[in-house]
Structures are given as C-alpha cells and as structure tokens.
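Note sheet for the following structure.
The values are calculated or read from the model by the stated rules, or taken from the named source; none is laboratory data. Just so you know, these numbers come straight off a predicted model, no measurement behind them. When we count neighbours, we look across all protein chains shown, and the Cβ atoms used for this are built from the backbone with ideal geometry, even at glycine. Side chains are part of the model used for accessible areas, which takes the heavy atoms of the whole protein and leaves out ligands, DNA and RNA. Shrake-Rupley method; radii C 1.70, N 1.55, O 1.52, S 1.80 Å.
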Amino acid sequence: MTTYSKYIDIAIALPVYNTFTYLVPENFFNFISVGKRALVPFGRRKVTGYILGSCKKTTRSEIEIKSILDILDEKPLFPSSIVPFFRWISEYYIYPIGEVIKSALPSGLNLYEYAVISITEDGKNVLKDNSVPPIQREILSSLESESCRQKNLCKIINKNIPNSLIQTMENLGLIISKRELKGGRTRPKLERYVLLTSSEIAIKELSTPKMKIIDALKEEGELSVKKLKELVPSALGLIKSLENKGYISTIKKRVYRDPFGESIETDSAHILTKEQEQAISKVVTSLNKGFSTFLLAGVTGSGKTEVYMRIAAEAIKKNCKVLVLVPEIALISQMERRFRARFGECVALLHSGLSAGERYDQWRRIASGEATIAIGARSAIFAPFDNVGVIIVDEEHDISYKQEGGLCYNARDLAVVRAKLNNGVALLGSATPSIQSYYNVTINKFTELTLKKRIEKRSLPEVTIIDLRKIRDYRGVKKFISSELYEAMKETLERGKQILLFLNRRGFASFPVCASCGKAIRCKNCDISLTFHKGANAYKCHYCGFTLAATSNCPTCGSAGIKLLGLGTEKIELTVKSLFPDAKTARMDRDTTTRKGSVLKLLKGLKNNTIDILVGTQMIAKGHDFPNITLVGIICADLSLSLPDFRAGERTFQLLAQVSGRAGRGNVSGRVILQTFNPEHFSILSAKTQDFKAFYNKEIHFRKSLRYPPFSRMVQIKISGNDKKKTRQHALAVGNLCNTLKRNNKSFIKSIEVLGPIEAPLPRIAKQYRWQILLKSLSVKELHSLIHLMMFRNSSKFYRQKVKVVVDMDPFFMM
C-alpha cells in the first residue's frame, strides 16, 4: 500500500455484506498494508476489520468518514493476491466478505468490543431498601456478585431484557455500562532463550552445573531455557544467578508449535511407469503458462501420489508454491509423511485437528514464505500463498470437500477458481471422478490424464458379488457374514495377511424396536431412530448427540422388551472377535477416533501388522495404502442406494470402488467379497469391474433427462426453526415469494424451476423443524439475481425472527 493513500477499503469481521471506507491518520501511514487487521469503530462498537486495499476517491466528506483506531498486526496475515479470491467467494456464495476472511483465517484472532454492565453504589442502596420494580431488582441482584454482558444477564435471570430498560436503569444511575475489548486469544508463542554476554568469566567461582550451562552456551551460541533444564535440572535458579553477575542475558524469541509427529526417513523418487511419465509431462509443460485444469483419473493403486510429488518438485524449481488438498484428516497424515520424506521441512499443515496455536504458526510459516508446500483438508484452500503454481485436489470426488454450516463452500470448486485467478494449474485426482468433473472433461473444460494400470503391474482385485436375498431368512451371524466371506477370511488369516471389513453404519444395532408395541426407540430431538452402542451401553442419536440409558423402557408403552434390530460396525467387530478369537481385531469409525492421535494409532497398527482385521465405516475406504491387506469384505453395499438424493448412485459406486481398491496393493493379489441385496444395479456392477466410464455413461443419461447437475445449477434454501407451525408458515411464505418473483420476471419464467417448499427428508434435527426449497437453472447469473431479489430487496419477507434461512449454492446434502 502506498503511503500517500488517505483512505482504505476494509471488510468488517461481522455479517455485513459491504466493505467500508476508513480514513488513515498520518501516524499509521507507514504501517498500513493489505492483509493486516485494523481496529475500527463500527456503529457504537470497536471491531476487527481486514485491510483489502486503498480507496483513492470517495463521494463522502472527510468529516463523515471514521478513522482507524489501531493496526493489529506487525506483518500481513494474507497477501494482496488472495483478495480477489475472497471477493469472488463472497459474491458467488452470497456471503459477507468479512465473514469469508474470518472463516479463512486461524480462529481466535479477532477483537470485538462488548458492553459490560456493572451495578453502581446507588444501585446497591436501592437494592437494600427494596424500592425498585421486581425486574430491576432481579437485574441488580444478579450484578451484585459480578459484572456481565447483557446477553449473559438474560440467561442468568432467564428473561428477555429490553435495551430500553437497560437505558432507563443507566439514566437512573443504578447501573453503568462500559465497553471492553475481548478476543484475540490466539497469539504467537514466545519462549525464553539464554545467550552469553561476557567473555570474561571467573571460572573458578562457578559450580559444576553453572559451568555446564556456560559450556553449552559457548558451543551453541544460544539455547532455550527448556533445553537448558533438560541439560541441568536446576537451571532456572542458576540462570538468574549468572544473569545477575552479567555473564548471560535472557531474551524472548518466537517459536513454532510443531504439529508433526515422529521424524521421517528421507525418501527418494520412485521409478515411473510410462503412464505416470506422460501425465507428469503434460502438467509440468503447463506450469507458468496460464490457467489450466487437469483431471487425473487413475485406478486405485496406480501411483497418483507419486505423480503429485513429481509435479510439486517441478513447480518448486519454477518458484511456484504448491497446495495439496486431502478430503479428511485421517488421510493427511499419510500424505504429509510422503511429502515430508521427499521435501523435508518446507511442508506446512493446515487442518482442524491442529490446536489454535499450531494452526496459527503453520499459517504464519506459509505467509512468511518459509513453507512452499501446504497440505490440508478443505480449509487449506485459503492458505496465504502469494503465488500458487499448482493446486492438487486428491480424491476430488469426496463429499468432505463441501463445507456444511457457515460459509457453505466446495473446496474442490474453489481450487479451480483460485488456480484461475492465479494463472496456475489445478490438478484433480481420483480413481472414481465426480460426474461433474468428468462432464467438464467431455466439454473440454478440463484435460483428462489417465492411469489405467496399477504400479509394478499389480492386478486389480477379483470381486465376487454375494446376493444377500438368498440368505435373508438365515439367523444370527450367517445373515450378514456369508459363508463365502467367512471362508475367505479364514484363508486370509491362515496366510498371515490382513482384512478390511466395510459397513457404512456405526454402532451395534441401528434400529431398536419395542417388542410389545412395535414402535422404534426414537430420538426426542430428531425424527430419527436411535442407535444402540454396546460399548457405551446406551442408545445414541447420530445427529444431535442425545443419549438414552440402555436400561430405559420403551418411551411409548413402558415395556422393558427392546429388540435390537439392524447392525453397525460395533456388532460386526464383536461378531468377528467371536468367529476369529485369535485374530487381532480393531474398529475405525467416529466412535473410536475422537481422541487426538487415535487415527494415527490405528493406521500404525495396520502398517506394523499388529492388526489382522480392521472393521470400519467410510473412513477406511479412502486413499490408505497398506500392502498386506489382501481381502476386503463389504458387509452390505446398499446402504447409500436408498437415500432420497439424485447423487445416491454416484456415491454408492464411488464408495464401493474406493473400498475395493484397498485390496491387493502389495505383491499378493487382492480379493473383494461384495454383499448386496441389489446385485443387478448398475452402480454395483460398475464397482465390481472398477469401470468408471460404464457407470458414467448410464448415470449421465438420467441426469440429463431430469435436468440435474451437471446439466443445471442448483440452490437450496434451508428453512429451520424450533416452532413447527411458524417454520412451516415461513417456508410457505418464502416459497410464495420465489414463485411471485419468478412470475413477475420473464427471464426467470423461462430459466428457473422452483421445487418446493417441502419438508426435508429428516423433518426435525436437534429440535429444529426443517423445510427446503430447491431452485434449478441452466444459468448461475439468473439464480444469483433471484436470490439477491429475495435477500436484499425483499428481506422483510425472506427473513423472520426465530426462523433461520440459509442459502446453499451447489448443495450436496439433500437430507
């Protein structure tokens, strides 16, 4: 930013859609820079704002424009090159730009000003003589012990307190309202370091431990107090003594919190196949030559990660930064290990599994240029690189790239947008590409790269389909573990190999039912049945977390006879342990991976062969590479086929093909036993042969005839509230608004289809009643126009108190 700029453009870290112009006092001229935070007045408050650039002209007079109050950062948190990206996201997803930036940055940085209310001496006096109305007395009694915010005061007395009442009590001198800045809890970590300051040291006067400290400092130059304590346990007191004599001095230095685990041995590049060489060559040729997007469609085990690393190495040689997105934290550790083994300490991590401090430090490493490669989950798309040469999206088909809640972005789509804005390369990789991405190949938006063969000429696993309809009347274990799967497991264990068993449903019994009245045991907050978890000895809701003790009677009739129908990973694990008591069995699902490091522990167990059988949900289906796994058993392949979602077939195919691909990645060929009630379904048959093209050609026909994406764009309007009647009324009102605006606009009549309003397939979750409206159109521009008309021109009809309305562009979850 040039020092002559008088005005700057600031995005406020609050849900407001515009940016704002502020005046820069002369004493701040030299400290202003794009990407820094500023403390600014906003209404009656002081809040954090993000500097986006300079404003050379303004129509308002200088007296009207407020001045910034402070600069909060020594160095920018993000480069100026990322600002157009933030603006694009704000416009496309119709989301406040300050909130976009806040979502991108590490949490806990921003400062906000809050009004804190305290009782005065007059207030204490009137409380004693009982001369105030009851509501005022309640407020004063609550404030007598400690000051608090008005919001918290309402909770304490369990009543809504109007602002006018607070103002009245303030005018009477009973209370006083002060404004305080809060927040900014995430800061750089500082550590004390010790260094020699004198060369003339009276050695004879020093004890042996003190000499040990002096010798260590002579050798190293400077050392942290932490390191010296490891060397000399009594170092703290000795340092003070040596400092008093002028021999040493202590300083505070910034240190990075290290999120990485154990050290990793250096890795060398592997010998490439012809297909890998061709794919790498095409991408490398495109570096620094403008924007391009590639879709790397490679079968499972074809060496996509090696392709990513070779391309990253070439990008770094050309002074480009590399961003690698991985769908889930469980996969990041594997990718991080591979990249660190090849590239060393220039790799940074960004994901929600890091502490706030660790994430802040990794962010700073990227922003300062210390790290040239960043690996992370979806939020890593905001990594503060100034020059992104390549953005790699591994498992690009994965639904985990779609953020639900808050800013509902799709990181895969944003990877393409960011590459375009940076004139870089986007490389999307998958064994089972999304229909959307492959359609972009067919219309020449993306360039296809293929890896049709596994590395080292390994064969794809042999897949056997078992028709569960033939054994549906069996009892006990045989109902869900067929004789074919049992025999295959027995043989695999005898050969000393490992097994994966996949079922995309956790818990012990997914459908507990009362034996007396026949009613399902349901969640009191959601319209869904509870799942019985044997380990926790409780019924649990997988949506809101509600639990019911296992000893509970039927809520409907009071009977104690509850039948545990259905199954989940917990039941499979216990069954396997009873069938193969000598085998080491483990389970990988959300219940077993909540603790920090639990995922790594399970993956390490597979790698070190301390686990023989791993039972799991979709967490085990993605990207893991363990050569000793030769058998994959898919317990029931149909769970996602019956969902009321146009992508159900696509998700089923991807999940089955991915989990099948975990088998036979070593020297021994793999086998898959796929159990299903729908053996003729094209998703199942395509997954058996791992034939994506066959699946695509069938699925794309249905999408086109029904005008679903990729042949249209969609917007989902989600309406929810805790009052059933009001939520329904508002959903119908928003639906009427949609249809009225459509009727009154000729271009909308032709281009936009309104579906709904209708109750969501799960009508109530966490006490919130849920409705939805779907808008379909060939034109994003028309959809944006209609949404803008509703949100900004008809806001009084679109929004309503106590009913939440959320707009989701390109929705993924229809439930």
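Just a few scattered comments:
- Residue match in segment 508-519 (condition: basic (Lys, Arg) and under 29 Å from THR551 (Cβ atoms)): yes
- Inspection of segment 755-768 identifies at least one residue that is touching a Leu at 6+ places or on another chain (Cβ under 7 Å), closer than 30 Å to LEU414 by Cβ, loosely packed, with under 15 Cβ neighbours inside 10 Å and not aromatic (Phe, Trp, Tyr).
- When GLY666 is tested against (1) assigned to a helix (DSSP H, G or I); (2) closer than 20 Å to GLY298 by Cβ, just one condition goes unmet, and that condition is (1).
- Test result for THR450, β-branched (Val, Ile, Thr) and free of Cβ contacts under 8 Å to residues at least 12 places away in the same chain: no
- Filtered residues of segment 335-368 (kept if basic (Lys, Arg), over 17 Å from the mean Cα position of the chain (by Cα) and within 25 Å of SER103 (Cα to Cα)): ARG364, ARG365
- Scan of segment 395-423 for residues that are at pLDDT 95 or above, open to solvent by 40 Å² or more (accessible area, probe 1.4 Å) and either within 16 Å of LEU331 (Cα to Cα) or not basic (Lys, Arg) (or both), ordered by number: ASP413, LEU421, ASN423
- ALA348 falls short on exactly one of the conditions (1) part of a strand (DSSP E or B); (2) within 28 Å of GLN436 (Cα to Cα); (3) of a type in the set (Gly, Ala, Ser), and that condition is (2).
- Hits in segment 773-804 - residues which are in a strand (DSSP E or B) and open to solvent by 20 Å² or more (accessible area, probe 1.4 Å): LEU774, ARG800, LYS804
- Top-ranked residue of segment 256-281 - restricted to ones that are of a type in the set (Val, Ile, Thr) and either exposed (fewer than 15 other Cβ atoms within 10 Å of the Cβ) or in a loop (DSSP other than H, G, I, E, B) (or both), ranked as modelled with the lowest pLDDT: ILE264
- Residue check, ILE101 open to solvent by less than 30 Å² (accessible area, probe 1.4 Å) and touching a Phe, Trp or Tyr at 6+ places or on another chain (Cβ under 8 Å): yes
- Search result, residues across segment 680-730 that are under 27 Å from the mean Cα position of the chain (by Cα), among the basic types (Lys, Arg) and under 30 Å from LYS767 (Cα atoms): LYS718
- For segment 562-615, the candidate set comprises residues that are open to solvent by 20 Å² or more (accessible area, probe 1.4 Å) and among the β-branched types (Val, Ile, Thr); within that set, the residue that is nearest to LEU485 (Cα to Cα) is THR585.
- Among the residues making up segment 435-459, those that are surrounded by 20 or more Cβ atoms within 10 Å (Cβ to Cβ) and of a type in the set (A, V, I, L, M) are ILE435, LEU449, LEU451.
- Selection status of THR432, in a strand (DSSP E or B), hydroxyl-bearing (Ser, Thr, Tyr) and either at pLDDT below 95 or buried (at least 24 other Cβ atoms within 10 Å of the Cβ) (or both): no
- Within segment 104-132, the residues that satisfy the criterion of being in contact with a helix residue (DSSP H, G or I) (Cβ under 6 Å, 6 or more places away or on another chain), open to solvent by 10 Å² or more (accessible area, probe 1.4 Å) and modelled with pLDDT of 80 or more are ILE119, LEU127, VAL132.
- Flag for GLY221 being open to solvent by less than 30 Å² (accessible area, probe 1.4 Å) and either within 30 Å of GLY49 (Cα to Cα) or of a type outside the set (A, V, I, L, M, F, W, C) (or both): no
- In segment 287-308, the condition of being open to solvent by 40 Å² or more (accessible area, probe 1.4 Å), polar (S, T, N, Q), touching a helix residue (DSSP H, G or I) at 6+ places or on another chain (Cβ under 9 Å) and in a helix (DSSP H, G or I) is met by no residue.
- Scoring SER199 on the criteria (1) surrounded by 15 or more Cβ atoms within 10 Å (Cβ to Cβ); (2) modelled with pLDDT under 85; (3) over 29 Å from VAL347 (Cα atoms) leaves a single failure, condition (1).
- Close Cβ contacts (under 9 Å, 6 or more residues apart or on different chains) running from residues in segment 670-693 that are of a type in the set (A, V, I, L, M) to residues that are in a loop (DSSP other than H, G, I, E, B) and surrounded by fewer than 20 Cβ atoms within 10 Å (Cβ to Cβ) comprise ILE684/ASP638; ILE684/LEU641; ILE684/ASN678; LEU685/PRO679; LEU685/ASP691.
- From the options ALA426, ALA371, residue that is over 16 Å from ILE101 (Cβ atoms), outside any helix (DSSP H, G or I), without any contact (Cβ under 8 Å) to a residue 40 or more places away in the chain and open to solvent by less than 10 Å² (accessible area, probe 1.4 Å): ALA371
- Single unsatisfied condition, TYR708 versus (1) in contact (Cβ under 8 Å) with a residue 60 or more places away in the chain; (2) surrounded by 20 or more Cβ atoms within 10 Å (Cβ to Cβ); (3) closer than 20 Å to LEU786 by Cα; (4) out of contact with any Leu (no Cβ under 9 Å at 6 or more places or on another chain): (2)
- Count of segment 15-31 residues which are open to solvent by 30 Å² or more (accessible area, probe 1.4 Å) and either at pLDDT 90 or above or in contact with a Ser or Thr (Cβ under 8 Å, 6 or more places away or on another chain) (or both): 10
- So GLU345, is it within 29 Å of PHE626 (Cβ to Cβ) and open to solvent by 40 Å² or more (accessible area, probe 1.4 Å): yes
- Residue check for LYS155: more than 26 Å from ALA419 (Cβ to Cβ), open to solvent by 70 Å² or more (accessible area, probe 1.4 Å) and part of a strand (DSSP E or B): no
- Residue check, ALA356 among the aliphatic types (A, V, I, L, M) and surrounded by fewer than 19 Cβ atoms within 10 Å (Cβ to Cβ): yes
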